[in-house]
2 protein chains.
Amino acid sequence: MTPGSAALGHVRDRVDRALQSFVGQQRGVLLAGGDDLRPGAESIAGLLAGGKRLRPAFCYWGWRGAGGPDCPEIINAAAALELLHAGALVHDDLMDASATRRGQPSLHRQFEARHADRRWHGSAGAFGMGMAILLGDLLICWTDEMFHASGLPGDALRRGRPVLDRMRTEVFAGQYLDLLGQAAGDETVAGALRVVEFKTTKYTIERPLHLGAALAGADLAGAGADLAGSAGGPLAAGALAGSPAGGAPARDGGPAGGDGSLAAAYTAYGLPLGIAFQLRDDILGVFGDPAQTGKPAGDDVREGKRTVLLAIARSRATAGQAQVINRYLGDPLLDQAGIAEVRAAITGTGAVAECERMIGRRVSEAIAALDGAPMTGEAREALAELAVAATARDG
Amino acid sequence: MTPGSAALGHVRDRVDRALQSFVGQQRGVLLAGGDDLRPGAESIAGLLAGGKRLRPAFCYWGWRGAGGPDCPEIINAAAALELLHAGALVHDDLMDASATRRGQPSLHRQFEARHADRRWHGSAGAFGMGMAILLGDLLICWTDEMFHASGLPGDALRRGRPVLDRMRTEVFAGQYLDLLGQAAGDETVAGALRVVEFKTTKYTIERPLHLGAALAGADLAGAGADLAGSAGGPLAAGALAGSPAGGAPARDGGPAGGDGSLAAAYTAYGLPLGIAFQLRDDILGVFGDPAQTGKPAGDDVREGKRTVLLAIARSRATAGQAQVINRYLGDPLLDQAGIAEVRAAITGTGAVAECERMIGRRVSEAIAALDGAPMTGEAREALAELAVAATARDG
């Protein structure tokens, strides 16, 4: 058993069942529109069968840490984040021209193949693209549907809503910055880290934790500085703090969070952990086993991804190492021999060892940030386990 | 002044202002993430500056018809539909490879040009596609944000939520069916009408009306048969009807809608009007003036769109007329001479005159469906005006 399997497994199985149930209902809605929608419903169900459910796990423990009780309603609300994630992955694979996701052909490739097999009219590629856009849109919309049908009380949903809103704007804005950086050729470590902040840290860890806390009625004033960038509209810190929620359950281990220190602790935990998580993802993207990653070996190199690992490798590379990296980066025909060569070059720069050191340090920082935070002991322990599990080598 | 300008203008100006205010706030959020997001924010603002605001108008009058008072909150909630529509248009233009929208380059073309001008890395087309996917996703997500921040009471939002959910599943499912039908070569009138039902009738007219009615507390049981296709989950008729809303305001002109007859009247109005609206759109897509449509002349022909107008034309065409239609349909190089030729062929089949007759008949049916419906007289008049305005030749 890997570390953290208890905390992860606890939520994962229930999230799986909640998603199955929701997608089964939607399947009924889609098939009422005709059997033609069956392939779409099946592709969505297949995609949602996989995934580590990290965002639901952070949302769930964000709720529990704020004193929220274990109940099916929070599982439903947390599981909704997995629909957003699946939709973003479908669109991401299309943008990256990725052929594989979770060990299966990516959605646009599934429909491209369907078109080609049946010798339909027009371009198979355009058909695959269109279907992936539409099914991704559906998944993104279903996030809200599952969230609002979670069964949580209206007050809780109203408190959580601005966090969900902010999380979505951040993730798509982060992807925009990523795409722009790749196009404009920003290869700096700082540029890569800015993308990590939006695309990974906030989206995967910090906002799911804040969402759980907001749903449970915690004061999010501690997250205020972070949200103060808004023009003072419904997204501003004041709106996010919402009503101070007289119904918030009691917490052990500290004051009842009226000073917003729980949200601040979640941020202090999320920032280093997000970077550690992304660094692990970067390493797996070059060195990972396809059986584990669900992607072909060396896929980040093939796709020319502008990762922090690569930025560090470039910054430390000898002329010879840089030449090898540049030769293969973004080469769609990258083969096993090329992967071996580029892996050796990257390892040779010391970037992998440096990333492993950074991961270890950031995970420790994340866990230390929970010390003395006003949260339940059970949640503190689960979040420490999650930090380790989410960044483990066997990911 | 065109017919219906009072009913349309009444809502349109206020919807415009609500959208400007919301997009201004979001601009602040995006620019807090760095100035790099400015072009994205500006493209969105530019796109949202145009549009006839038909869906907000139907939502607003659906609310007023159910006895809801005139107030800024319903304008905000109704305006949220325009964000969904803008996001769907961005994705639609990408799928159709449309170069123009609302008289401006389509979003993917704007970013493609930006990439090419700056001689950035990689493919300008892929960059434009990625940006259009992400900005469309943002707009689709903002729908929920604006809806829930509208200021309407929580009870109203809870009643409206399932209608909004259903509307979104229907529109993306409808687009899926459209894309599939085009690929599989379904050129029947029946096939084209099924797409119209989902993509236009329900999405543009019926669901916005139902949403307004649900927000105002009307009983939606009359829409039950229509929604009974669901697997009985949170989307089923029972859930949609929601709480019978003791707060529903009084209506004149009939019983207080406890039998769901208001929702049924909206459906009876929406079904014929949706077809009339789509037929007008089909005619404008071939014969419309670019200054009016915001699209190049003959764009539906150039894009090979499988419209009802074309299905009727094909079903009535002589061999010679069919040859002309088939020669130009889907020809990306279609020029003025080709447009003139294909227009003459389509007109020669009698399909345009047939469509005009169908439009006139359906608009009359729509207006007649409001007779005796349990709604306010002011709303009945406004909806009659809207039916005429939405299907007028000068669109």
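The values are calculated or read from the model by the stated rules, or taken from the named source; none is laboratory data. Since the structure is predicted, the reported quantities are computational estimates derived from the model, not experimental observations. Reconstructed Cβ throughout: ideal geometry from the backbone, glycine too, with neighbour counts over all protein chains shown. Heavy atoms of the whole protein, side chains included, go into the accessibility calculation; ligands, DNA and RNA do not. Shrake-Rupley method; radii C 1.70, N 1.55, O 1.52, S 1.80 Å.
About the centre of its Cα atoms, region A:249-395 shows a dipole size close to 480 debye [charges on the beta carbon of Lys, Arg (+1) and Asp, Glu (-1) only; nearest 20 debye]. Residues of region B:132-166 that bury at least 20 Å² of accessible area once all protein chains are present, compared with their chain alone (1.4 Å probe, heavy atoms only, ligands and nucleic acids left out), are B:Ile133, B:Leu134, B:Asp137, B:Leu138, B:Ile140, B:Cys141, B:Asp144, B:Glu145, B:His148, B:Ala149, B:Arg161, B:Asp165.
Select from B:Cys141, B:Cys59, B:Cys355 the residue whose mean-square fluctuation is largest in a Gaussian network model of chain B (Cα-Cα springs shorter than 10 Å). Ranking B:Cys141, B:Cys59, B:Cys355 by mean-square fluctuation puts B:Cys141 first. Taking the Cα centre of region A:114-193 as reference, the dipole from Cβ charges on Lys and Arg (+1) and Asp and Glu (-1) amounts to some 320 debye.
Buried between B and A is an accessible area of approximately 5300 Å², summed over both sides with a 1.4 Å probe. Measuring only protein heavy atoms, the 1.4 Å probe finds B:Asp186 accessible over about 50 Å². Counting only DSSP H runs of at least 4 residues, each contributing -39500 (n - 2.57), and dividing by the residue count of chain A, the helix-based mean residue ellipticity at 222 nm comes to -22000 deg cm²/dmol.
Evaluated at q = 0.26, 0.31 Å⁻¹, the base-10 log of the normalised Debye intensity for region B:290-341, with identical point scatterers placed on the Cα atoms, takes the values -1.08, -1.28.
Rounded to the nearest angstrom and listed largest first, the equivalent-ellipsoid semi-axes of region B:30-85 from its Cα gyration tensor are 30, 12, 7. Solvent-accessible area per residue in chain B equals 35 Å², computed with a 1.4 angstrom probe and all protein chains kept.
Per residue, the convex hull around the alpha carbon atoms of region A:77-134 comes to 79 Å³. Label-point spacing for B:Gly348 across the identical copies (point 7 Å from Cα in the Cβ direction), in nm and ascending order: 7.2.
Each eigenvalue of the Cα gyration tensor of chain A, multiplied by 5 and square-rooted, gives one semi-axis; in descending order these are 34, 28, 18 Å. Relative contact order of region B:18-123: 23 percent, from C-alpha pairs under 8 Å at least 6 residues apart in sequence. Placing +1 on the Cβ of every Lys and Arg and -1 on the Cβ of every Asp and Glu, with nothing else charged, gives region A:1-150 a dipole about its Cα centre of roughly 360 debye. The 3J(HN,Hα) values that the Karplus relation (6.51, -1.76, 1.60; θ = phi - 60°) gives for region A:177-191 are, in residue order, 4, 5, 4, 5, x, 5, 5, 7, x, 6, 10, 7, 4, 4, x Hz. Gly and Pro appear as x.
Counting only heavy atoms of the protein chains and using a 1.4 Å probe, A:Glu42 has close to 90 Å² of accessible surface.
Across the copies of the chain, A:Gln336 has label points (7 Å from Cα along Cα→Cβ) spaced 6.2 nm apart, shortest distance listed first. Each other residue within a Cβ distance under 12 Å of A:Pro153 adds +1 if Lys or Arg and -1 if Asp or Glu, for a net charge of +1. Spatial offset of region B:74-100 relative to region A:37-114 amounts to 24 Å, using the alpha carbon center of each. In region A:323-395, a dipole from Cβ-located charges (positive for Lys and Arg, negative for Asp and Glu) runs towards its positive end, and of A:Ala392, A:Met358, A:Ile325 it is A:Ile325 whose Cα lies farthest in that direction.
Taking every pair of Cα atoms in region A:17-111, average 1/r, invert it to obtain the Kirkwood radius, and report Rg/Rh to two decimals.
1.04
Based on C-alpha pairs under 8 angstrom that are at least 6 apart in sequence, region A:48-204 has a relative contact order of 23 percent. Computed from the Cα positions only, the extents of region A:286-378 along the three principal axes stand at 52, 30, 17 Å, in decreasing order. Between A:Ala99 and A:Glu381, the C-beta separation translates, for a Förster distance of 51 Å, into a calculated FRET efficiency of about 0.80. Residues whose amide H lies under 5 Å from that of A:Arg101, counting only those 5 or more places away or on a different chain, are A:Ser106; hydrogens are built 1.01 Å from N in the peptide plane. Values of log10 I(q)/I(0) for region B:105-212 across q = 0.14 Å⁻¹ run -0.79, by the Debye formula with one identical scatterer at each alpha carbon and no solvent.
Per the Kirkwood definition applied to all pairs of different Cα atoms, how many angstroms is the hydrodynamic radius of the protein assembly as shown?
Taking every pair of different Cα atoms in the protein assembly as shown, averaging 1/r and inverting gives 27.3 Å.
In region B:63-109, comparing the full protein assembly with the chain on its own, the residues that lose 40 Å² or more of accessible surface at a 1.4 Å probe are B:Met95.
For A:Ala340 and A:Val189, a Förster radius of 25 Å and the Cβ-Cβ distance give a FRET efficiency of 0.45, rounded to the nearest 0.05. Annotation for A:Thr100, label-to-label distances across the other copies: 4.5 nm (shortest first, one decimal, point 7 Å from Cα along Cα→Cβ). Sorting the Cα pairs of region B:324-364 by distance into bins of 5 Å, from 0 upward, gives 5, 23, 22, 17, 14, 11, 6, 1 percent per bin. If you sort A:Arg327, A:Arg393, A:Arg64 by accessible surface, 1.4 Å probe, largest first, the order is A:Arg393, A:Arg327, A:Arg64.
Across peptide A:34-41, the average count of Cβ atoms from other chains found within 10 Å of a residue's Cβ is 3.
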